[in-house]
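Visitor: One structure, pasted below without further comment.
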Amino acid sequence: MKKLRWAMDSGGFWELDLSTPITLNGQARPVPGDPLPLGLSRGSRLSRFEQIDFFQRFMAMPFVPSFAANRGLLLQRVLSLPIAENWSAMLLGQLNVQRFVSSLRKNKTKHLPDSSWLQSIRRNFIQKSFYALGFFSELFLTPDDTLIISLDAYGDEKVPKKRAVLHHKFPHHNLTMEAAWPGLFVDGNGSYWDVPFSLALDLASTTLDSGASYHLFFNNCAGSPKQYEGQHSDELPPPAALLPGFTAKGVVSLKKNIDLWRSEASMLKMVQPYDIFLSNPHISASWILGAVFSAYLGENSMKKQQSCSLRGLKDFDLRAQVANSAVSVDSFASASLTAQHGNFQRLFLDLTRVHTSFDFPSGSKLLSGITSVACSLYNSQVPNVEALQAICPRASLSFQQQIIGPFSFRVDSEIAIDLKKDWYLSVKNPVFAIEHALQVLWSAKAVAWYSPMQREFMVELRFFET
């Protein structure tokens with residue numbers, strides 16, 4: 001599901017664009033967290049329309065399949081409409097195979113005459129509830145400005161989904177502005193939410209792998225959020241960040257990468273690696289330290305104030321509340337370790353890669369937990385479970401293994417640490433994938449992934465990701 005949660009793709013755990021097959025554009029924004037994630041930060045991926053067009057043109061796929069629990073098996077195809085050298089448009093058609101076949105079976109059980117059954121098939125083919133149509137337009141206004149407009153219309157939904165995005169490249173900075181009505185968000189539990197109107201702006205500095213960077217994010221939500229149609233789950237209160245109001249966040253961070261070991265052995269001569277970015281065995285570590293300033297104005301500020309403190313712990317949160325507005329300052333940290341064996345050149349078992357990360361999204365909560373545990377130990381008392389839980393990081397693990405040739409197996413999962421349960425460690429939201437490295441493109445891959453928790457399957461195209 002969800003972006004296939006590749007840990008190494010994010011460049012910082014606040015950049016969490018999520019992939020999902022429940023929409024034609026294949027994306028859902030994460031609900032802004034407290035203090036992180038920010039909730040926007042686009043990666044350098046192709047749009048869903050462009051991915052499907054690539055599969056049709058260069059991989060001989062007449063239809064691209066996907067699966068969503070609330071919709072069933074889906075088949076998609078794109079029609080490209082070149083308008084000018086700097087302007088292209090695409091139409092995406094989607095057929096809900098599961099609903100179509102179910103309707104045919106119902107008619108077949110009625111023992112209709114052959115002529116009536118053929119008429120029933122024709123009626124099913126023109127039944128609009130089985131189809132969805134998407135429009136995508138990309139206009140390069142200047143070499144540094146790109147305007148994207150998309151429209152998704154579903155036969156079983158009355159209101160189409162509209163989205164407009166403007167990208168601008170400043171020197172050493174990227175600016176993204178997005179308006180969506182309605183906007184689709186996904187929370188940490190995997191529930192999808194529709195917000196009637198969402199307006200966001202994101203300004204990020206572009207840096208090398210190591211060094212300082214900053215990030216500014218502004219978001220405005222209007223209207224009452226509701227759970228996505230067709231989602232089979234209990235009625236839940238909407239996340240506080242999606243309530244009507246304005247949110248502003250500023251992030252300053254420092255990142256450092258360290259090579260613990262890197263192979264100096266020579267590669268096979270005259271043999272191109274399946275992926276040039278995965279051709280060097282190594283062990284490396286990285287860490288990120290940062291601070292976050294947050295401001296809220298509207299209903300979202302009241303909910304934030306009510307949900308931030310930890311029960312029974314001293315509050316180190318720097319937060320001020322006035323009427324329907326609030327401001328806060330917090331810190332965060334992350335550490336990761338990556339190990340790779342093999343050059344990804346040989347036919348069998350020439351790539352084994354493991355990546356693990358530990359994130360501390362709130363420094364104030366971490367400090368509260370450490371202080372409480374230290375006081376308990378000093379007084380010869382048993383530490384509070386809430387305090388111990390506050391110290392535990394958010395952990396994730398990624399494992400990749402070459403199977404044969406350009407094909408490799410990959411699994412990504414969060415590792416949940418819950419001290420209130422008998423088993424402290426558990427696997428949360430695993431995602432299984434088969435990757436096909438496109439060797440001729442140096443570093444590109446077709447990824448077919450499945451999320452058991454979300455019951456979602458998707459085929460994606462990715463470039464320059466490790």
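Visitor: Scan the strands (runs of 3 or more DSSP E) fully inside region 318-406 and keep the ones with 3 or more residues being closer than 30 Å to residue 449 by Cβ. Talk me through it step by step, then tell me what you get.
Guide: On the way: elements: 318-322, 325-341, 352-360, 394-404.
Once the strands (runs of 3 or more DSSP E) in region 318-406 are filtered for at least 3 residues that are closer than 30 Å to residue 449 by Cβ, what remains is 325-341, 352-360, 394-404.
Visitor: Of the numbered conditions (1) in contact with a His (Cβ under 8 Å, 6 or more places away or on another chain); (2) open to solvent by 50 Å² or more (accessible area, probe 1.4 Å); (3) modelled with pLDDT of 90 or more, residue 175 fails exactly one; give the number of that condition.
Guide: Going through the list (1) in contact with a His (Cβ under 8 Å, 6 or more places away or on another chain); (2) open to solvent by 50 Å² or more (accessible area, probe 1.4 Å); (3) modelled with pLDDT of 90 or more, residue 175 breaks only (2).
Visitor: Let me ask something else. Are there any pairs, at least 6 apart or on different chains, whose C-beta atoms fall under 6 Å, with the first in region 322-344 and under 30 Å from residue 271 (Cβ atoms) and the second part of a strand (DSSP E or B) and among the hydrophobic types (A, V, I, L, M, F, W, C), and if so, which?
Guide: Correct list of pairs: 337/285; 339/283; 339/354.
Visitor: Among 452, 430, which is the only one that is within 22 Å of residue 356 (Cα to Cα), exposed (fewer than 14 other Cβ atoms within 10 Å of the Cβ) and touching a residue at least 12 places away in the same chain (Cβ under 8 Å)?
Guide: Details: 430 fails: exposed (fewer than 14 other Cβ atoms within 10 Å of the Cβ).
Sole residue among the options that is within 22 Å of residue 356 (Cα to Cα), exposed (fewer than 14 other Cβ atoms within 10 Å of the Cβ) and touching a residue at least 12 places away in the same chain (Cβ under 8 Å): 452.
Visitor: Residues of region 185-223 being under 28 Å from residue 169 (Cβ atoms) and either surrounded by fewer than 16 Cβ atoms within 10 Å (Cβ to Cβ) or of a type in the set (Lys, Arg) (or both), which ones?
Guide: 197, 206, 207, 208, 209, 210, 211, 212, 214
Visitor: Which residue pairs have Cβ atoms under 9 Å apart, sit 6 or more places apart or on different chains, and have a first residue in region 61-85 that is more than 20 Å from residue 102 (Cα to Cα) and in a strand (DSSP E or B) and a second that is hydroxyl-bearing (Ser, Thr, Tyr) and at pLDDT 90 or above?
Guide: Once the first residue is more than 20 Å from residue 102 (Cα to Cα) and in a strand (DSSP E or B) and sits in region 61-85, its partners that are hydroxyl-bearing (Ser, Thr, Tyr) and at pLDDT 90 or above give 80/88; 81/88; 81/137; 82/88; 83/137.
Conditions (1) assigned to a loop (DSSP other than H, G, I, E, B); (2) in contact with a helix residue (DSSP H, G or I) (Cβ under 7 Å, 6 or more places away or on another chain), marked per residue:
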site	(1), (2)
209	yes, no
214	no, no
218	no, no
236	yes, no
241	no, yes
246	no, no
249	no, no
267	yes, no
273	yes, no
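Visitor: Inspect all residues belonging to region 352-362 and state whether any of them is more than 19 Å from residue 285 (Cα to Cα) and either touching a residue at least 24 places away in the same chain (Cβ under 8 Å) or open to solvent by less than 50 Å² (accessible area, probe 1.4 Å) (or both). Steps first, please.
Guide: Residues of region 352-362 that are more than 19 Å from residue 285 (Cα to Cα), as a first pass: 362.
With the extra rule that they be either touching a residue at least 24 places away in the same chain (Cβ under 8 Å) or open to solvent by less than 50 Å² (accessible area, probe 1.4 Å) (or both), the set shrinks to 362.
Scanning region 352-362 turns up at least one residue that is more than 19 Å from residue 285 (Cα to Cα) and either touching a residue at least 24 places away in the same chain (Cβ under 8 Å) or open to solvent by less than 50 Å² (accessible area, probe 1.4 Å) (or both).
Visitor: For residues that are outside any helix (DSSP H, G or I), open to solvent by 30 Å² or more (accessible area, probe 1.4 Å) and polar (S, T, N, Q), scanning just region 89-132, find the one that is modelled with the lowest pLDDT.
Guide: Among those that are outside any helix (DSSP H, G or I), open to solvent by 30 Å² or more (accessible area, probe 1.4 Å) and polar (S, T, N, Q), it is 109.
Visitor: What do you reckon, is residue 411 at pLDDT 90 or above, assigned to a strand (DSSP E or B) and surrounded by 19 or more Cβ atoms within 10 Å (Cβ to Cβ)?
Guide: Details: at pLDDT 90 or above: yes; assigned to a strand (DSSP E or B): yes; surrounded by 19 or more Cβ atoms within 10 Å (Cβ to Cβ): no.
The answer is no for residue 411.
Visitor: Can you list residue pairs whose Cβ atoms sit under 6 Å apart, with the first residue in region 248-262 being touching a residue at least 24 places away in the same chain (Cβ under 8 Å) and closer than 30 Å to residue 325 by Cβ and the second being assigned to a strand (DSSP E or B) and open to solvent by 60 Å² or more (accessible area, probe 1.4 Å)? Count only pairs 6 or more apart in sequence or on different chains.
Guide: Final answer for the pair search is 248/218; 250/216; 250/293; 252/214; 254/212; 254/289.
Visitor: Exactly one of these conditions fails for residue 304: (1) open to solvent by 30 Å² or more (accessible area, probe 1.4 Å); (2) touching a helix residue (DSSP H, G or I) at 6+ places or on another chain (Cβ under 8 Å); (3) modelled with pLDDT under 85. Give me its number.
Guide: Against the list (1) open to solvent by 30 Å² or more (accessible area, probe 1.4 Å); (2) touching a helix residue (DSSP H, G or I) at 6+ places or on another chain (Cβ under 8 Å); (3) modelled with pLDDT under 85, residue 304 comes up short only on (1).
The values are calculated or read from the model by the stated rules, or taken from the named source; none is laboratory data. Computed from a predicted model, the values in this text were never measured in an experiment. Neighbour counts run over all protein chains shown; Cβ positions are idealised from the backbone, glycine included. These area figures cover heavy atoms from the full protein model, side chains too; ligands, DNA and RNA do not enter into them. Shrake-Rupley method; radii C 1.70, N 1.55, O 1.52, S 1.80 Å.
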